[in-house]
Amino acid sequence: MSRPIKKMIVEEYQRRFEGVDDALIVDIRGIPANENNELRLGLLEKDIRVTVIRNNLARDAFSGTGLEGLTPGLEGPTALCYGGTSVVDIAREIVDWAKKIDDLDLKGAILDGQYFEGEAGVKELSKFPTREEAQAKAVQVVLSPGRNLVGAVAAPGSNLLAIVKEIQTRLEDGKAIEKVG
């Protein structure tokens, strides 16, 4: 392949993957065409794209970007999976597809500059909470002490209200109120 063609491909990768900092790489070699189409269409429904890349040209294109950390996994046939709401969602989807398709090899992933190597790394990443789930947990942790404080402050008042209500009910029913103690 001539240098001008390689340069065009590198520029295309840079344009296509601009703003993509988190992604996952797989090897889809050996997957029958029908299963490959099912995989790609199933992922596309979740706004996840799969692009087969040339490793050396991808290394050049990824240099200085968030995807540079994928370099160790750029060996052999490689397809880049990106898009969706987060790379955690992508990992969950790909792990589910790997159960259905035997020849789908998980090569690695990158999240916030951290590289997750191989099948074990991708499976580990798939168990992470998504950004939204993590934010929800953080909000819950922050609000929990306040909720407990409000409960503790309101409890004596509600107990007192229950006693007053009981006295009111007994007086309305004409029952005597006895001294306890």
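Readers should treat all values here as calculations from the given coordinates under stated rules, not as data from a laboratory. Source: prediction; values computed, not measured. Cβ sites come from the backbone with ideal geometry, for glycine too, and all protein chains shown count toward neighbours.
Estimated from helices alone, the mean residue ellipticity of the chain at 222 nm is -18500 deg cm²/dmol (sum of -39500 (n - 2.57) over DSSP H runs with n ≥ 4, per residue). Entry for the stretch 3-128 at q = 0.21 Å⁻¹: log10 I(q)/I(0) = -1.23, Debye formula applied to identical alpha-carbon scatterers, no solvent contribution. Cross-link partners of K165 among aspartates and glutamates, defined as those whose alpha carbon lies under 14 angstrom from its own and excluding same-chain residues fewer than eight positions apart: D173. In the chain, the longest principal axis of the Cα atoms and the axis of helix 3-16 are about 10 degrees apart. Once the Cα atoms are used to define both axes, helix 87-100 deviates from the longest principal axis of the chain by about 70 degrees. Can you tell me the orientation of helix 131-172 relative to the chain, as the angle in degrees between its alpha-carbon axis and the longest Cα principal axis, to the nearest 10? Value to nearest ten degrees: 10.
Relative contact order for the chain: 23 percent, from Cα pairs under 8 Å spaced at least 6 residues apart, divided by residue count. Neighbour counts of C-beta atoms inside 10 Å place M8, M1 in the sequence M1, M8, starting with the fewest. Listing L74, L41 from fewest to most neighbouring C-beta atoms within 10 Å gives L41, L74.
Here the stretch 3-128 is treated with +1 on each Lys and Arg Cβ and -1 on each Asp and Glu Cβ, and its dipole about the Cα centre works out to around 400 debye. Neighbour counts of other Cβ atoms within 10 Å put I48, I163 in the fewest-to-most order I163, I48.
Across the chain, the longest piece that holds none of the GluC sites (Glu not before Pro) lying in DSSP loops with up to 16 other C-beta atoms within 10 Å covers 76-177.
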